[in-house]
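A.B. asks: This is the structure I want to talk about, given as structure tokens.
The values are calculated or read from the model by the stated rules, or taken from the named source; none is laboratory data. Remember, predicted model here, so these are calculated numbers, not experimental data. Note: ideal-geometry Cβ built from the backbone for every residue, glycine included; neighbour counts use all protein chains shown.
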Amino acid sequence: MTSELLSLAPLLLFWFFSISSSVFDALIKESRRFTFGYSLVGLAMVVIAALCVPIFGHSGTAFNDMIRVGGTTVYFDVLFALGGILTIVTARPYLQKMNYELDEFYTLVMYAIGGMLLMAHSNHMVVVFIGIEIMSICFYVLAGYIRTSSLSVEAALKYFLLGAFASGFLVYGMALIYGATGSMEYGPVAAVVSQGSEFPTLLLVGIGLIVVGLSFKVAAFPFHSWVPDVYQGAPSVVTGFMSTAGKAAAFAAFLPLMMILMPGPDMERVQTLLAVIAAASMLYGNISALRQNNVKRMLAYSSIAHAGYIMIGIVTGTDFGESAMMFYLAAYLFMQLGAFVIIGILENREGGFVSLDDYAGLAKHQPTLAALMAVFLFSLTGIPPLAGFFAKYYLFYAAVEAGFTWLTIVGVASSIISVYFYLGLVVQMYFREPAEGFVAPQVKTGMAGITLLVTTVAVFLLGLYPAMVQSVTDALAMLR
Amino acid sequence: MALLPVLLLPLLGAVALMFVDRTAVKGIKMTALIFSILTFIASLAAFLGFDHGSGDFQYLVDWTWITSLDAGFRIGADGMAILLVMLTTVIMPVAILTSFSSIKKSEKLYYVMLMLLQFGMTGVFLALDTFLFYVFWEVILIPMYFIIGIWGGQNRIYASIKFFLYTMFGSLLMLIAIIWLGFHGDPSGGGFTANLLTLRDVGPSIPMETQQWLFLAFALSFAIKVPLFPLHTWLPDAHVQAPTAGSVILAGVLLKLGTYGLIRFNLELFPQASYYFADAMCVLAVIGVIYGALVAMVQTDIKKLVAYSSVSHMGFIVLGIFSMTTAGLQGAIIQMVNHGLSTGMLFLCVGALYERRHTREIEDYGGVMARMPRFGVIFGIAMLASVGLPGLNGFVGEFLTLLGAYNAPALDGNVWYTVFAASGVILAAVYLLKMYNGVMFGPINNTKNESLTDMTRSEAWQLVPLAALCFWIGLFPNTFLDYSKASTEQLVEKVESFLPGGSGYAMEAAESTTAGTSDDH
């Protein structure tokens, strides 16, 4: 029991901090300054606790096999906590600029991360569901956080309605799988599935519904229709957080679920389904992004494409695919978050300065921000020696290894398409002059500078020395 | 280890430039120039210490990098690579010098980009690891994109994006090929490697059908860079829009990355597939030679004319490579150097004229010789070197490639390749002489040409050393041919052994039947 609690330390610690943080919200007047620091401390503790798990704790399951602890969960704990820290640090100056630094923001972010942790730790479908709901509800609120902005409110409502719908699919799928296998726990389900379920049709429909529900959460085609509006309407820091840590969490739940549901007699069918979703997401996301004039929308569409890339990792069903996916999620977290931080810094109080034309000649009046943005964009394009390149290389490698060369070719083709719009922004920033009568905005970087520093260093480090992360993942994989 | 400073000094230069204040333009220029000259000296040391007799890679460095993918920091140079590295280090100081007067905005970013460009180009020539090769290959893209896009002419945005998309298209296909190839690194199956030295040995044992696909993926990527007809359309745009230094580097070094890749990967790794596609590649090369020349003939813009002449001249190189003979390959290597020098000079001359008159139309000039006699001599040397006049460098390369193609068993001894390609030499004489005639001779019709000033000292520093090299290669080609001799002979020997009638041919056939089933990734 003690070792069980020790290995669950990150989770328990985290929930202690989030719940107490909401208590403080209620007790202290003007609690935001306190909860800001408090949540940062909490997240830092989670990182430390997670890193200690391999030393003190043990891997395995806990709480009647509901919760799982192992190498991958440690990895995701750290990833989510890092994403949270970077978001919170950036959020403060952003919200102050927007005049919307209300007390509960940091607590909401904390709860969202709590949901993510549950998703990554789940060993039981109900836990997945609870985690997803906790995270999503926080996201609904966060998306509509700027409540005087109609775009923000629209984003929240749209996200909420469609999200609730998707959750319905997910629960339905889980119920059918329970019907087909008699359990919702990963171990027993896997045992039944791999032997060929008693009710193959029921199982197959169940898997299909789960794929639908989770594809919605990771923002894959054709369940993406909420993405552009939500990503555009939500405050930039929130979008950055949702599209990186949120996506990573959804994949952290997606992968183990598919790992138990795929290897049955219908393996090929499920793989094909996922491969088609991946291919369609990559192509659709990148092609649609070509026509966008709003930077946030453009990155929203591109995030659909990235969901497709990441899904390749699930399709392969191999260890390589899994670690490639995990690497990609880390790389994506840093590059996408970095890009959104810059968007947030440049955005003005009315939510303007987000169109491509506004970025014309940015290199003239904001050389540093433009250079960093270019780095993030090149990384998203997948140009060495940046993180995005190695992430793609690794994924394509896994796909070729698993015999999905065609998927690699689709991935490459869509990457070529993506070059055009990512470069389009670079063209605006560097090759064009600002429009006439353009007044350079007052830009305050503040604490967001820390985030930018961390993300930039990470983007270079992950690209130049990917072995570093790999040795970590390899070491953690031993834990399993 | 002698190659490390050659590779890393430009990178160091880029880093050093970042610490120079961006208003201190003079300091920026000097830092860039000093680093490029230091690199030249470092490369000269490596060049002089190079062992001619050996065809193997020298100065090997092998550091582990990403163990799980067996990708390492592996560099080294054989006779072919060292010549091209020398070309790079010679061209770069010249390109930097010519930028002093022509680049007048964001100087700091500009010279950082030039340094990064040199870093990437040297890296491509030296990389002995497919992963590292790809990284360098892509690293080149970004600085060149910025150089065209920020400091280019009127239509620069279009040209830069076109350049980027074309190259990216090719290189991503190459990426798939690199991964696919890596899985063949262990003939028993299962292993993955990015080590080019291993892949060189196992390459020929890859089943023929796989080889063909891999060949096509690599060849497409390299053919875009060369550029081989019909993938050349980005080149005239990029050349015309790029600033002078950009054009010089583009023509001087960047195009050679493509032909170098064709030798290093296509020919060396997939000899059987190369044999299979030799005819097709040579046909495209010859079409390129003639097409480039014909299009150059009707150009009124000098820079465009030189750009199309590049398409024509690069065709000779590809022809030489896929003739798969020692003469052809030697010719291809020396022609890469020659083209770098002579076309680089031509672009410098065009740049010098443009800076004085801000036009590149031939008809705006005429009678320039009377005002710029010294410039006229150098321009003439560059032009004649490009034409292929005996005694100058172009002749050696073109002669050898044509000779190689004439005797080539890979082309079934078909003489028509040589016949048609040789007509390209004649056409080159026509359009280049016509251009030179139109610009330099005749009466001065345009009064603006009255006040032209002759070559400045800076221009002389750029052009005279290159002209001297043109003479050197033209008169004593063996100084340079000796370097690549052992490597090319070794390569041709290897390639021939896997062709019908060669010693490795039967062995390969037996191997591919056993490996064919398990190797099918």
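A.B. asks: Which condition number does B:K162 fail, the rest of (1) in contact (Cβ under 8 Å) with a residue 40 or more places away in the chain; (2) assigned to a helix (DSSP H, G or I); (3) buried (at least 20 other Cβ atoms within 10 Å of the Cβ) being met?
C.D. replies: Looking at each condition in turn, B:K162 falls short on (3).
A.B. asks: Go through (1) over 30 Å from A:Y430 (Cα atoms); (2) within 14 Å of chain A (Cβ to nearest Cβ) one by one and return the number of the condition B:N155 breaks.
C.D. replies: (1)
A.B. asks: Sticking with this structure for a sec: Checking the conditions here, which among B:G170, B:G123, B:G185 is more than 12 Å from every other protein chain (Cβ to nearest Cβ) and of a type in the set (G, A, S)? Please lay out each step first, then the result.
C.D. replies: Numbers: B:G170 fails: more than 12 Å from every other protein chain (Cβ to nearest Cβ); B:G123 fails: more than 12 Å from every other protein chain (Cβ to nearest Cβ).
It is B:G185.
A.B. asks: Looking only at residues in segment A:425-440 that are buried (at least 18 other Cβ atoms within 10 Å of the Cβ) and more than 7 Å from chain B (Cβ to nearest Cβ), which one is modelled with the lowest pLDDT?
C.D. replies: Filtering segment A:425-440 for residues that are buried (at least 18 other Cβ atoms within 10 Å of the Cβ) and more than 7 Å from chain B (Cβ to nearest Cβ), the one modelled with the lowest pLDDT comes out as A:R432.
A.B. asks: Still on this model: Looking at (1) farther than 20 Å from A:Q292 by Cβ; (2) modelled with pLDDT under 90; (3) more than 8 Å from chain B (Cβ to nearest Cβ), which is the only condition A:S355 fails?
C.D. replies: With (1) farther than 20 Å from A:Q292 by Cβ; (2) modelled with pLDDT under 90; (3) more than 8 Å from chain B (Cβ to nearest Cβ) applied to A:S355, the lone miss is (1).
A.B. asks: Follow-up question, since we're still on this one. Does A:L462 satisfy being in a helix (DSSP H, G or I), more than 11 Å from chain B (Cβ to nearest Cβ) and at pLDDT below 90? Reasoning before the result, please.
C.D. replies: Working: in a helix (DSSP H, G or I): yes; more than 11 Å from chain B (Cβ to nearest Cβ): yes; at pLDDT below 90: yes.
Here the answer is yes, as A:L462 does meet what is asked.
A.B. asks: List every residue pair whose Cβ atoms sit under 9 Å apart, with the two residues 6 or more apart in sequence or on different chains, where the first one lies in segment B:47-75 and is free of Cβ contacts under 8 Å to residues at least 60 places away in the same chain and within 17 Å of B:V124 (Cβ to Cβ) and the second, anywhere, is aromatic (F, W, Y) and not in a strand (DSSP E or B).
C.D. replies: Going by the 9 Å Cβ cut-off, the qualifying pairs are B:Y59/B:F50.
A.B. asks: Further, regarding this structure: In the set A:L170, A:L118, which member is at pLDDT 90 or above, of a type outside the set (D, E, K, R) and under 17 Å from A:G84 (Cβ atoms)?
C.D. replies: None of the others qualify; the one that does is A:L118.
A.B. asks: With the requirement that a residue be touching a Leu at 6+ places or on another chain (Cβ under 8 Å) and at pLDDT 90 or above, what does segment A:136-151 give you?
C.D. replies: Result: A:C138, A:V141, A:L142.
A.B. asks: So B:S99 passes all but one of these: (1) more than 13 Å from chain A (Cβ to nearest Cβ); (2) under 18 Å from the mean Cα position of the chain (by Cα); (3) among the hydroxyl-bearing types (S, T, Y). Which condition number does it fail?
C.D. replies: (2)
A.B. asks: Could you list, in sequence order, all residues of segment B:197-212 that are crowded, with 23+ Cβ neighbours inside 10 Å and assigned to a helix (DSSP H, G or I)?
C.D. replies: Step one: of segment B:197-212, the residues crowded, with 23+ Cβ neighbours inside 10 Å are B:203-204, B:206, B:211.
Answer for segment B:197-212, where residues must be crowded, with 23+ Cβ neighbours inside 10 Å and assigned to a helix (DSSP H, G or I): B:G203, B:P204, B:Q211.
A.B. asks: Report, by residue number, each residue of segment A:371-415 that is facing chain B (nearest Cβ under 8 Å) and assigned to a loop (DSSP other than H, G, I, E, B).
C.D. replies: Scanning segment A:371-415 gives A:I383, A:P384, A:P385, A:G403.
Let's see how each residue does on (1) away from chain A (no Cβ under 14 Å); (2) surrounded by fewer than 22 Cβ atoms within 10 Å (Cβ to Cβ):
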residue	(1), (2)
B:I41	yes, yes
B:G55	yes, yes
B:D62	yes, yes
B:G72	no, yes
B:T88	yes, no
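A.B. asks: Please work out which residue is modelled with the highest pLDDT, limiting yourself to segment B:386-418 and to residues that are buried (at least 20 other Cβ atoms within 10 Å of the Cβ) and part of a loop (DSSP other than H, G, I, E, B).
C.D. replies: The qualifying residue modelled with the highest pLDDT is B:L392.
A.B. asks: Also: Please go through segment B:103-118 and pick out each residue that is assigned to a helix (DSSP H, G or I) and surrounded by fewer than 24 Cβ atoms within 10 Å (Cβ to Cβ).
C.D. replies: B:E107, B:K108, B:L109, B:V112, B:M113, B:L116, listed by residue number.
Conditions (1) closer than 30 Å to A:R349 by Cβ; (2) surrounded by fewer than 20 Cβ atoms within 10 Å (Cβ to Cβ); (3) without any contact (Cβ under 8 Å) to a residue 60 or more places away in the chain, marked per residue:
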{"residue": "A:G70", "(1), (2), (3)": "no, no, no"}
{"residue": "A:Y75", "(1), (2), (3)": "no, no, no"}
{"residue": "A:G83", "(1), (2), (3)": "yes, no, no"}
{"residue": "A:I88", "(1), (2), (3)": "yes, no, yes"}
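A.B. asks: Just for segment A:152-201: of the residues that are in contact with a Leu (Cβ under 7 Å, 6 or more places away or on another chain) and among the small types (G, A, S), which one is farthest from A:C138 (Cα to Cα)?
C.D. replies: Out of the qualifying residues, it is A:S197.
A.B. asks: Then there's this: Does segment B:295-341 hold any residues that are of a type in the set (V, I, T) and within 16 Å of the chain's Cα centre (by Cα), and which are they?
C.D. replies: Those that are of a type in the set (V, I, T) and within 16 Å of the chain's Cα centre (by Cα): B:V306, B:V311, B:I317, B:V318, B:I321, B:I333, B:I334, B:V337.
A.B. asks: Being in contact with a strand residue (DSSP E or B) (Cβ under 7 Å, 6 or more places away or on another chain) and among the hydrophobic types (A, V, I, L, M, F, W, C) narrows it down to one residue among B:A223, B:A194, B:A238; which is it? It would help to see each step written out before you state the result.
C.D. replies: Details: B:A223 fails: in contact with a strand residue (DSSP E or B) (Cβ under 7 Å, 6 or more places away or on another chain); B:A238 fails: in contact with a strand residue (DSSP E or B) (Cβ under 7 Å, 6 or more places away or on another chain).
Only one candidate passes the filter, namely B:A194.
A.B. asks: Is it the case that some residue within segment B:445-463 is in contact with a Gly (Cβ under 6 Å, 6 or more places away or on another chain) and of a type outside the set (G, A, S)?
C.D. replies: Scanning segment B:445-463, I find at least one residue that is in contact with a Gly (Cβ under 6 Å, 6 or more places away or on another chain) and of a type outside the set (G, A, S), so the answer is yes.
A.B. asks: For residues that are over 30 Å from B:S487 (Cα atoms) and either polar (S, T, N, Q) or in contact with a Pro (Cβ under 7 Å, 6 or more places away or on another chain) (or both), tally how many sit in segment B:148-201.
C.D. replies: 5
A.B. asks: Related question: Out of A:L372, A:L377, I need the residue that is at pLDDT 90 or above and either farther than 29 Å from B:I157 by Cβ or crowded, with 23+ Cβ neighbours inside 10 Å (or both). Which one?
C.D. replies: Values: A:L372 fails: either farther than 29 Å from B:I157 by Cβ or crowded, with 23+ Cβ neighbours inside 10 Å (or both).
Among A:L372, A:L377, only A:L377 is at pLDDT 90 or above and either farther than 29 Å from B:I157 by Cβ or crowded, with 23+ Cβ neighbours inside 10 Å (or both).
A.B. asks: I've got another one for you. Have a look at A:A339, A:A371 and point out the one that is over 18 Å from the mean Cα position of the chain (by Cα) and on the phi < 0 side of the Ramachandran plot.
C.D. replies: A:A371
A.B. asks: Any residue that is closer than 30 Å to A:G70 by Cβ and crowded, with 17+ Cβ neighbours inside 10 Å - is there at least one of those in segment A:143-161?
C.D. replies: Narrowing segment A:143-161 to residues closer than 30 Å to A:G70 by Cβ: none.
No: segment A:143-161 contains no residue that is closer than 30 Å to A:G70 by Cβ and crowded, with 17+ Cβ neighbours inside 10 Å.
A.B. asks: Here's something else I'd like to know. What residue, among those in segment B:342-371 that are within 23 Å of the chain's Cα centre (by Cα) and not hydrophobic (A, V, I, L, M, F, W, C), is surrounded by the fewest Cβ atoms within 10 Å (Cβ to Cβ)?
C.D. replies: Among those that are within 23 Å of the chain's Cα centre (by Cα) and not hydrophobic (A, V, I, L, M, F, W, C), it is B:G351.
A.B. asks: Which residue pairs have Cβ atoms closer than 6 Å, lie 6 or more positions apart in sequence or on different chains, and pair a first residue in segment A:363-377 that is touching a residue at least 12 places away in the same chain (Cβ under 8 Å) with a second residue that is crowded, with 20+ Cβ neighbours inside 10 Å and among the aromatic types (F, W, Y)?
C.D. replies: From segment A:363-377, the pairs are A:A363/A:Y430; A:L377/A:Y422.
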